[in-house]
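The values are calculated or read from the model by the stated rules, or taken from the named source; none is laboratory data. Quick caveat, the model's predicted, so the values are computed rather than measured. Cβ sites come from the backbone with ideal geometry, for glycine too, and all protein chains shown count toward neighbours. Side chains are part of the model used for accessible areas, which takes the heavy atoms of the whole protein and leaves out ligands, DNA and RNA. Shrake-Rupley method; radii C 1.70, N 1.55, O 1.52, S 1.80 Å.
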Amino acid sequence: MNFLEQRILRDGIVKEGNVLKVDSFLNHQMDIALLEEIGQEFHRRFADKKITKVLTIESSGIAIAYPVAKAFGVPLVFAKKAKSINIDGEVYAADVTSFTYQTNNQVIVSKKFLSADDHVLIIDDFLANGYALQGLISLVEAADATVEGLGIAIEKGFQEGGMRMRNLGYRLESLAIVDSMNARTGEIVFRAQD
C-alpha cells in the first residue's frame, strides 16, 4: 500500500453516490508535504519522458500539478473554466462535463502557452468518467503538441474513465486506484499496483 492509499484510508470519507471526500488533505485543505510527495512520485513515474509543460484544469488540479511541474522544472499551465478580460488573443477550447459538480463547462488555454513543440504531462486530482482528461487531451491535440502521459492522484477504477484512456493508448499513471467503496461501512478497496 502506497503513501496516498494509506492517507485515503486514514482521512478519506466515502459518501453516497460514489463520492470520496479527500477535502481534509487534498482538494480543500491541502497537506503540503503530501503534495510534494505526489509531485516527486509523478516525476519518478514519468522520468523517461521529455516533459516541457504540465497541464491541468482549474481548480483542484492546480495544487497537485504544481509540485509535479516543480519537480520537472517546467511551466504549469491550467485550463480556465471561463474566459476573463485578462486573457488576450486566441485560445484553444474544449467542452468538459464535471462528475463532481454535474455541470458542463468550456475550458480554455491561451494559444501562447501551448505549441507544437510541447511535450505535455496532464495531471488531475480525480479520474471518474474521463471527461476532464478528454477535454485536456483535445486542447493539447489542438495545439499539435504531444501528450506524454496522464497522471491522476485518485482513479475510481469502477468507473469507465481509466479503462477508456488506457484503451485509447495513453500512458495513465494513477497513484491510487479505488476498485470499490461502500458509503454504509466506509470500506475502500484499492487495486493492487506494481
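Things worth noting here:
- Rolling a 1.4 Å probe over the protein heavy atoms of the range 65-184, with every protein chain left in place, gives an accessible area that is 48 percent carbon and sulfur.
- If you take the alpha carbon atoms of the range 69-194 and fit the smallest convex hull around them, that volume is 131 Å³ per residue.
- Simple spin-label estimate for Ser59 and Phe3 gives 2.6 nm between the two label positions (7 Å along the Cα-to-Cβ direction from each Cα).
- Estimated 222 nm signal from helices in the chain, with DSSP H stretches of n ≥ 4 weighted -39500 (n - 2.57), rounded to 500: -8500 deg cm²/dmol
- Accessible area of Ser24 (1.4 Å probe, protein heavy atoms only, ligands and nucleic acids ignored): about 50 Å².
- A 1.4 Å probe run over the protein chains yields, for the chain, 50 Å² of accessible area per residue, whole-number rounding.
- For the range 1-127, the square roots of the Cα gyration tensor eigenvalues, ordered a ≥ b ≥ c, give a/c of at least 1.5 with a/b no greater than b/c, which places it in the oblate category.
- Between Gln40 and Val19, the contour length at 0.36 nm per residue exceeds the Cα-Cα span by 4.9 nm.
- Taking trypsin sites (Lys or Arg not before Pro) across the range 131-194, the ones in a DSSP loop with at most 16 further Cβ atoms lying within 10 angstrom of their Cβ are Arg171, Arg184, Arg191.
- Whether the range 144-194 is rounded, prolate or oblate, judged on the alpha carbon gyration tensor where a/c under 1.5 counts as rounded: prolate
- With K and R counted +1 and D and E -1, the other residues having a Cβ less than 15 Å from that of Gly17 yield a net charge of +3.
- Beta bridge orientation in the chain: antiparallel %, DSSP, nearest 5: 40 percent
- Over the chain, Cα pairs under 8 Å with separation of 6+ residues give a relative contact order of 19 percent.
- Among the GluC sites (Glu not before Pro) in the range 116-185, those located in a DSSP loop and surrounded by at most 16 other Cβ atoms within 10 Å of their own Cβ are Glu160.
- Distances between placed amide hydrogens fall under 5 Å for Asn129 paired with Gly161, all partners being 5 or more residues away or on another chain.
- Loop GluC sites (Glu not before Pro), the range 33-96, which have at most 12 other Cβ atoms in a 10 Å radius of their Cβ (DSSP): Glu90
- Acute angle (nearest 10 degrees) that the helix 60-72 long axis makes with the longest principal axis of the chain, alpha-carbon atoms: 70 degrees
- The Cβ shell under 15 Å around Ala33 holds other residues with a net charge of -2, Lys and Arg each +1, Asp and Glu each -1.
- Under the simplified labelling scheme, the Ser115-Met30 pair shows an inter-label distance of 2.8 nm, with each label point 7 Å from Cα along Cα→Cβ.
- Close amide H partners of Arg171, meaning residues 5 or more places away or on another chain with modelled amide H under 5 Å apart, are Leu150.
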